[in-house]
Structure formats: C-alpha cells, structure tokens
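Novice: Mind having a look at this structure? Questions to follow.
Values quoted throughout were computed directly from the atomic coordinates according to the rules given, and no laboratory measurement underlies them. Not measured: the values here are computed from a predicted model. Here the Cβ is made from the backbone with ideal geometry for all residues, glycine too, and neighbour counts use every protein chain on show.
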Amino acid sequence: MTNNAGNAGAIPFGLQLFSIRHTCAADAGRNFPAVVAELARMGYRGVEFAGYYGWGAADLRRILDDNGLACCGAHVGIDLLLGDELDKSVEFHRALGNRFLIVPILPAQYRDSIDAWKRTAGVINEIAERLRPHGMFTGYHNHLVEFKPVGGEVPWEVFFSRTGADVVMQVDVGNALEGGGDPFAMLERFPGRARTIHLKEFGGAPDAVIGQGQVDWKKLLDLAGRTGGTEWFIVEHERRADRAMADVEMCLRYLKEVGRE
C-alpha cells in the first residue's frame, strides 16, 4: 500500500463486513461473491473481515481479486495469535492477502485491571514481533471500556503508551465517542499509529448514516491523513439490518464527497 500520509483524499475506503453480516451470511454464505461485486460497484476498494462465511482463504482471495478489491484487514481473536495458533493464522492471512490482524475485543482477564492492560500490552508487542518478518501487523480496536478511568488511569492511554510503534491503533470513532473518548486527541497523541481506522457515526437519529450524526468527518479525515499514518479508512455501520447495503453505499458516497473538499 502506498504511503498516503498527508493526503486524506488518496486514502482508500474499505468496509468492515460486520456492517452487512446478515447479507454476507445469507444462503449459507453462497451469495458472498455477489455481495463483494456489489461493494466494488459502490466504489469500495477493500473489505475487512470479521468472519469468513464458510469460505477458505484462497477462495476469498479469488473473490476479492475477481472484483478488484483488497483485503484491508481482519478482526482476529487474540487466542488465534498466541503460541502455535499464530503460525496457522499467518498461513491463512498470507493466502487471503491480509497484512492487518486486528484484535477486536479482549477477554476479561486481559482488561480487568490496569495491571492487566499493562500485561496485555506486552503480549501484543510479542505478537507484533512475531508478525514483523511476514510483513504483517497486529493491533487493537476499541469499544467503550477502554476510555473508562480505572484508578485514575485510562486503559487506552496505558495500553498504547506501552505498545510499539508498529502496533496498530485502530480507533473506532463512534465507539470512542460513545465511551467518552476523543478520537481526534488520540490521533494527535499517538501519531502514525492509526494505519487503519474505523469510520462509525456517533449521534443523530437511530437510523443515521455517516454524515447524519455529530462527527466532523472532514476534520477527522484530514487529521488522519496528516498525523495517523493511515493506509485505510474502514467504514463500519450497523444500525439497520434491513437496509444495510443501501446504508453502506450512502456512507461511502458522503465520505468520498467530504474527502474531496
């Protein structure tokens, strides 16, 4: 991926497939190739996986290649990145064409105290070191708990202050704001760490798509382009299962327009 730092308009948009998980899983996943073709038609350049809908890595890679899309990441449970499981994950994601193995959530024992967060930072650093020879990265995706102070310390700060520069800080904008965090401050505080970033709306009506809530998206995209080291903007939208495909198209249309301003 070309380094687009400083040029938000050159950073491609991908979609976190969790946004359209019901559509992807329909008919036991057999419709997945048609779903990918539709995402390509919308103008998405990549997809991030959170499940594989019954397909193997080689077949998924072929489906993406057939539609001119890239794999811009996958959410991978931490258990699949430890011990011998890491070697199996490397093999799978190499076949898939994925460089970003992002931990989406942590079991309680990894996050139930500040000391646990410190230990987890060490675990993630070790995973990052093992992935480095393969040109792959690990990282962490936030929900809400990461911004709730524990004993006067904020877990997000503790964790990313103790992880290496190549551990991806996958900020989920909507989740961060809901949890009381400041995604703009995060990008400034940890420059170059947001190689991939989740664009999720915050606020607005219950069915608001990106651009209809409270986030200043132009400011966010520009800041990520300048300071984040961002390689992929990844849309995540999960408000209306009955119109998921139409909604993610609306999200992309808005973001591409904002990115050109």
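Novice: Could you look through the range 93-109, keep only residues that are touching a strand residue (DSSP E or B) at 6+ places or on another chain (Cβ under 9 Å) and in a helix (DSSP H, G or I), and pick out the one that is surrounded by the fewest Cβ atoms within 10 Å (Cβ to Cβ)? Before you say what the answer is, go through the steps one by one.
Specialist: Just the residues of the range 93-109 that are touching a strand residue (DSSP E or B) at 6+ places or on another chain (Cβ under 9 Å), to begin with: 93, 96-106.
Cutting the leftovers down to in a helix (DSSP H, G or I) gives us 93, 96.
On the way: His93: 23, Leu96: 20.
My answer is Leu96.
Novice: Another one. Counting only residues that are touching a Pro at 6+ places or on another chain (Cβ under 8 Å) and either under 16 Å from Arg132 (Cβ atoms) or in a helix (DSSP H, G or I) (or both), how many does the range 60-75 have?
Specialist: Final tally of qualifying residues: 2.
Novice: Which is buried (at least 17 other Cβ atoms within 10 Å of the Cβ), over 13 Å from Ile11 (Cα atoms) and among the basic types (Lys, Arg), of Arg193, Arg253, Arg243? Don't jump to the end; show me each part of the working.
Specialist: Numbers: Arg253 fails: buried (at least 17 other Cβ atoms within 10 Å of the Cβ); Arg243 fails: buried (at least 17 other Cβ atoms within 10 Å of the Cβ).
From the options Arg193, Arg253, Arg243, the qualifying one is Arg193.
Novice: Let me ask another. What is the number of the single condition among (1) farther than 27 Å from Ala128 by Cβ; (2) surrounded by fewer than 16 Cβ atoms within 10 Å (Cβ to Cβ) that Asp182 does not meet?
Specialist: Failed condition: (1).
Novice: Still on this structure, I have one more. Output yes when any residue across the range 61-80 is in contact with a His (Cβ under 6 Å, 6 or more places away or on another chain), in contact (Cβ under 8 Å) with a residue 24 or more places away in the chain and under 15 Å from Gly14 (Cβ atoms), and no when none is.
Specialist: no
Novice: Select from the range 111-127 the residues that are in a helix (DSSP H, G or I), of a type outside the set (Lys, Arg) and within 23 Å of Phe147 (Cα to Cα) and list them in ascending order.
Specialist: Ile114, Asp115, Ala116, Trp117, Thr120, Ala121, Gly122, Val123, Ile124, Asn125
Novice: Of the residues Thr196, Thr227, only one is over 14 Å from the mean Cα position of the chain (by Cα), within 29 Å of Arg99 (Cβ to Cβ) and polar (S, T, N, Q); which?
Specialist: Checking each option against the conditions leaves just Thr227.
Novice: Pairs please, first residue from the range 23-48 and under 19 Å from Lys256 (Cβ atoms), second anywhere and of a type in the set (Ser, Thr, Tyr), Cβ atoms under 8 Å, 6+ apart in sequence or on different chains.
Specialist: From residues that are under 19 Å from Lys256 (Cβ atoms), the pairs are Glu48/Thr196.
Novice: Condition first: within 19 Å of Phe18 (Cα to Cα), in a helix (DSSP H, G or I) and of a type in the set (A, V, I, L, M). Now tell me which residues in the range 166-225 satisfy that.
Specialist: Scanning the range 166-225 gives Val173, Ala176.
Novice: Another question, then. I'm trying to understand the selection: among the residues of the range 146-165, which are crowded, with 16+ Cβ neighbours inside 10 Å, assigned to a helix (DSSP H, G or I) and either of a type in the set (Gly, Ala, Ser) or over 17 Å from the mean Cα position of the chain (by Cα) (or both)?
Specialist: Within the range 146-165, Phe147, Pro155, Glu157, Val158, Phe159 meet the criteria.
Novice: Still on this structure: Mind checking whether some residue in the range 56-76 is surrounded by fewer than 18 Cβ atoms within 10 Å (Cβ to Cβ) and within 18 Å of the chain's Cα centre (by Cα)?
Specialist: Checked against the condition, which is being surrounded by fewer than 18 Cβ atoms within 10 Å (Cβ to Cβ) and within 18 Å of the chain's Cα centre (by Cα), the range 56-76 yields no hits at all.
Novice: Let me ask you something else. With the condition kept exactly as written, say whether any residue in the range 5-18 is surrounded by 13 or more Cβ atoms within 10 Å (Cβ to Cβ) and over 23 Å from Thr230 (Cα atoms).
Specialist: Taking every residue of the range 5-18 in turn, none turns out to be surrounded by 13 or more Cβ atoms within 10 Å (Cβ to Cβ) and over 23 Å from Thr230 (Cα atoms).
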